[in-house]
Structure formats: structure tokens, C-alpha cells
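I have placed the structure first, in the form of C-alpha cells, so that the comments after it can refer back to it.
The values are calculated or read from the model by the stated rules, or taken from the named source; none is laboratory data. No experiment lies behind these values; they were computed from the predicted model shown. Here the Cβ positions follow ideal geometry from the backbone for every residue, glycine too, while neighbour counts run over all protein chains shown.
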Amino acid sequence: MSFPELMALQYRWQIRNEGDKQTLVYYGLRNPPLHTQLSIDLEDLVAEHIGALAEARKRDELPEELLAHPQFMKLVEDGIVVDANAVRHPATEETKQECTRCINNDMLLPGLEFNEEGVCAFCQCYERAEKIGASAGPQNFITEEELLEASRNNTQSRFDVMVLCTGGKDSTYLLWLLGKKLGLRVLAVSWNMPYTNDTCKDNLRRSVELLPSVELVERTLPWNMIREAMKGQFAKVGVPCLCPTVAHVLFFPMAVEERIPFIMQGVEEVQLAVTSYVMDELKSGKKAKPAPAPSHRDMTLGFFSTVAHAPEPPKPHAITSDFMRYQRSVREQLEPLYEHLDNTLKRAKEEPSLPIPEFRRLRTNKTYGTWSEVADLVKTEMEWKMPPGHKGLLHTSCVIERVKDYCQFMRYQNMRSTFFPQSIVEVSAGIYFGLISREEGFAELEGLGYFGEPEPLQPLLDDLGITRESIETEGDMAFSLCDCKECR
């Protein structure tokens, strides 16, 4: 095998320790089929010498036993060890590459690769999954016909469906669809997340007034509890968010007690695009093997069991590891809230005949039409209002949504996390699946929190009692709020 005269690790590959092993971790998304190469466990000889390639090294400076090692040759073959002149560099506004199909670019998603046609790795993954019939949308989807049939047969509860609500466009659409169009008996539930904007709080109350058959239950948590939990989240996992986990913890036991057949929430299919079309293979680094589909009861219990008892990530740099750490951290911050959920899950395990509400979703890529059509519908039918000054239709209910964007982007840029910044990927998926145009996607992008510190950040830090001086000593917060060039 021939080697470049001057060799180096490609941009965004980093050596990380995982227990007693060293692993090469990629902070980005490669073109399929190499998109499964997120981490590579290094054999001892390669691990001993690969660190030297963090900088350019001449071929004759490397040991012959390394050059002859099969794993090292594979790293060269797969473009992980490359000619030093081919090492990519951080993209700027002037040098960034933009996907020709969506709006993803390698400045906001460093490490993103493109094929010869300029199509990004995400769009390639979506197309690839569709062609082979893999993970085409959420497994737990439900149709309007199935909902109506279940309602006709529902004699065990006053309600046909529970809807987790915020007053944003998606949950408002759900209330309209289920409560008005289908005429189902809906229990709307919400909790007092203090950073839900006032407009969406009003939207929710107005929805209930316009749909007099819908019942609303609201839970209120103490502000001191929320403040300490958000501050703890910031330090533990680098983002302050508690949603939607708190709603899952509070309301799943209620749905079981009320014997409600279904639980639904306003989450679009594009918000699950990475999970549905990309992550299944990234979890293991292998193509997902066909397996018998679990029952909806088992899927629901599996989901809420993860909410209650997320395991320690076996691979700390896997793309799923941030999600597991987030769930574990929410529980750590809000442990007293979990007793009812724990008891419910224990009872469900001990009583296989216990009716369990199924956690189901719409196939929004087919149901919605477009985002603008949904927004027009809820404005007309539900008198829904867009929050003042809000620019996009992706996430409409949270005041600190851009803070989450910013923190996710900084953690990804600083190579603290392999988890992709959500919002840009979701907008881009919306373009790919035809929910918005590419031009509308660029407009959405402008409203996201990727372009410097967002305005809501400082008021949030003040609310949580976090000073600028304390950020670097507050656990993972430094990777979210500091530009750690030395980390990269």
C-alpha cells in the first residue's frame, strides 16, 4: 500500500479515552456508507502511535510496524489518515460549503461531508434509508382512521387521547385535529415551564375555550425547584432544558390512572429525522438488522422506562450518549417527582394485563402539508398567534429555544459532544421532506441561535444565579458558553 509522504489525521477526528481503551471519535457526519464511522476502537499498536498524527508527520518518521498494521492501513483507505495537504480546516462564512438540496453547511455543522453533487451526508442518509425501506418514519405512528376506530370501541375511559401541550403550532394543530376534526374526547395537559412564552400560554387557553369538549389539566412546580434543576442541568450536561421529560414524568401516570388509550405530543416527524433515518445505524456502527416489531405497549413502556431509568451510556462518545446523560441528569435534579412514574412502571411490569396508554405519533410528513399551511390553519381555526418577534415556525413556544441552539452548537463545535445541533438538522429535514422550501429554510436559519450569544441567555443566567465568572467552574457549562479553541 502506498502512503502519502506527509500524513495527518483528518479534521474533526480526535483521540479519546474510553475506559482502558483509546478510541478515534469523529465529530461530524461522513458520506454514506462511511457515515457509520463515528468511533473506532484502536488496537494497541495503533493507539500507541496515532497521536503523533494530530500534526503532520513524514512517512519515514512513523514506525514500519505501524505502517504495516492492518488497522492503520484501513484508516488510510477510509480517509481518516490523509495527506496533510488534504486536511480540511474550520469553515468560515466565506469558505463554507452548503448542501445543494437543503441548508446544511459545514460552518454550522463542522465535519459534515458532501458528495460530488454537493449533497450533504444527512440528505444522502434520508435518500438511502427510503430506498432500502429502513426506518421510514416513526414506528409508533397512528392514522386518523385508527384513532376513530379506537374511539368507537373506547368504553374504559372518559378520554380517547391525552395531548401534551405548550400552545405552540404543533400541539395546537393536534388539539384541532383530534378535538375538532375527529371529534375525539381529548385531555390536554401542560406544566408551568417558566420559559414558555406568554403568547403560547394564551394560545393554549384560547384553544380550550374554542374546543369546549377538551379538558385541560395543568401542573405547577415550585419556581425554586425548577431554577435549581435548570442550573443543575446546565452544569451536568451543558444545556438548561427540562422539556419534554418533565411532562413525561408528570403525565404518564395520570394517563394510566385515567385508562386513556393514547398519549400524543406536538413533535414533528422531522424532529425525529436523525433518529429515524440516521441514528439507527450510528448507534452500533452497523446496518440495523431486521427484528420483530415490538408491540405498541412494549414500545411505550420501553420509552418511559428510559425516561425513568436511562442507563449509563456504554459508549461515552456515541451519538445517543448525550440523550442518556440528559435523561439521567433530569432525574438527578428532580428525583422527588419520579416516585409516581416508578410505581406505575413497576405495576405495569407486574401486571401484564394492566391497560397502558400507547405513546403514538402522526406521520406529520404526510398529514401536515407544509409548515405554512399548518400555521394558516391554526390561525384560522384556533385563533393561534405567533409570538411577537419570533421568526421561525420550527419551535414556537419556548423563550430560551435559541439558548438551547447556542449551547448545542458550541458543545458540538468544541468537540464536547457528537450530538448534532438539532434545529438546523430539523429545518433541513423539513426541506428534504417537502414541508418548507429551501428559501423558507434559509429564513428559519436566521432565527436560530447559532450566530453569537442569543439575547435570552443573559436574563436566563441572571434568573438561575449564574455569573460569568463562575461559568468555567460549573462543570460542562464551559463547553457550552465558552469558545474553547484549545478544546478543538
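Looking across the stretch 150-206, just one residue is more than 18 Å from Phe359 (Cα to Cα), of a type in the set (A, V, I, L, M, F, W, C), part of a loop (DSSP other than H, G, I, E, B) and within 25 Å of the chain's Cα centre (by Cα), and that is Met193. Among the residues of the stretch 301-337, the one identified as closer than 18 Å to Met225 by Cβ, exposed (fewer than 15 other Cβ atoms within 10 Å of the Cβ) and touching a Lys or Arg at 6+ places or on another chain (Cβ under 8 Å) is Glu332. Counting only helices (runs of 4 or more DSSP H) that sit wholly inside the stretch 363-447, those with at least 1 residues that are in contact with a Cys (Cβ under 6 Å, 6 or more places away or on another chain) and among the β-branched types (Val, Ile, Thr) are 422-432. Return the residues of the stretch 200-225 that are surrounded by fewer than 22 Cβ atoms within 10 Å (Cβ to Cβ) and in contact with a Phe, Trp or Tyr (Cβ under 9 Å, 6 or more places away or on another chain); say none if nothing qualifies. Answer for the stretch 200-225, where residues must be surrounded by fewer than 22 Cβ atoms within 10 Å (Cβ to Cβ) and in contact with a Phe, Trp or Tyr (Cβ under 9 Å, 6 or more places away or on another chain): Arg206, Leu210, Leu211, Glu215, Val217, Glu218, Arg219, Thr220, Leu221.
Scanning the stretch 436-455 for residues that are crowded, with 19+ Cβ neighbours inside 10 Å and of a type outside the set (Gly, Ala, Ser) gives Ile436, Glu440, Glu444, Leu445, Leu448, Tyr450, Pro454. Does at least one position in the stretch 408-415 carry a residue that is in contact with a helix residue (DSSP H, G or I) (Cβ under 8 Å, 6 or more places away or on another chain), among the basic types (Lys, Arg) and surrounded by 23 or more Cβ atoms within 10 Å (Cβ to Cβ)? The answer is yes, given that some residue of the stretch 408-415 is in contact with a helix residue (DSSP H, G or I) (Cβ under 8 Å, 6 or more places away or on another chain), among the basic types (Lys, Arg) and surrounded by 23 or more Cβ atoms within 10 Å (Cβ to Cβ). If you go through the stretch 212-243 and keep only what is modelled with pLDDT of 95 or more, under 24 Å from Asp322 (Cβ atoms) and of a type outside the set (A, V, I, L, M), you end up with Arg227, Glu228, Lys231, Gly232, Gln233, Phe234, Lys236, Gly238, Pro240, Cys241. Scanning the stretch 269-309 for residues that are modelled with pLDDT under 65 and on the phi < 0 side of the Ramachandran plot turns up Met279, Asp280, Glu281, Leu282, Lys283, Ser284, Lys286, Lys287, Ala288, Lys289, Pro290, Ala291.
Evaluated against (1) surrounded by 24 or more Cβ atoms within 10 Å (Cβ to Cβ); (2) under 15 Å from the mean Cα position of the chain (by Cα), Phe419 falls short on exactly one condition, (1). Among the conditions (1) buried (at least 19 other Cβ atoms within 10 Å of the Cβ); (2) of a type in the set (D, E, K, R); (3) over 29 Å from Val208 (Cβ atoms), the only one that Arg360 does not satisfy is (3). Any residue at all in the stretch 340-349 that's in the same structural domain as Leu301 (by TED's automatic domain parsing) and touching a His at 6+ places or on another chain (Cβ under 7 Å)? No: the stretch 340-349 contains no residue that is in the same structural domain as Leu301 (by TED's automatic domain parsing) and touching a His at 6+ places or on another chain (Cβ under 7 Å). Contact annotation: residue pairs with Cβ atoms under 7 Å, 6 or more positions apart or on different chains, pairing a residue in the stretch 394-407 that is touching a residue at least 60 places away in the same chain (Cβ under 8 Å) and more than 20 Å from Cys165 (Cα to Cα) with a partner that is buried (at least 24 other Cβ atoms within 10 Å of the Cβ) and among the polar types (S, T, N, Q), are Cys407/Ser480.
Taking the conditions (1) within 28 Å of Gly168 (Cα to Cα); (2) in contact with a Leu (Cβ under 8 Å, 6 or more places away or on another chain) in turn, Arg468 satisfies each one other than (1). Among residues of the stretch 322-339 that are over 12 Å from Cys241 (Cα atoms), those with a Cβ under 7 angstrom from a residue that is outside any helix (DSSP H, G or I), sequence gap 6+ or separate chain, pair up as Asp322/Ser417; Asp322/Phe419; Met324/Ala310; Met324/Pro311; Met324/Pro313; Arg325/Pro313; Arg328/Ala310.
When the stretch 17-34 is filtered for residues that are surrounded by fewer than 17 Cβ atoms within 10 Å (Cβ to Cβ) and under 23 Å from the mean Cα position of the chain (by Cα), the ones remaining, listed by number, are Pro33, Leu34. Taking each residue of the stretch 117-137 that is outside the structural domain of Pro292 (by TED's automatic domain parsing) and looking for partners that are at pLDDT below 90 and outside any helix (DSSP H, G or I) with beta-carbon atoms closer than 7 Å, six or more apart or interchain, yields Ala129/Ser135; Ala129/Ala136; Glu130/Ala136; Ala134/Ala288; Gly137/Arg363.
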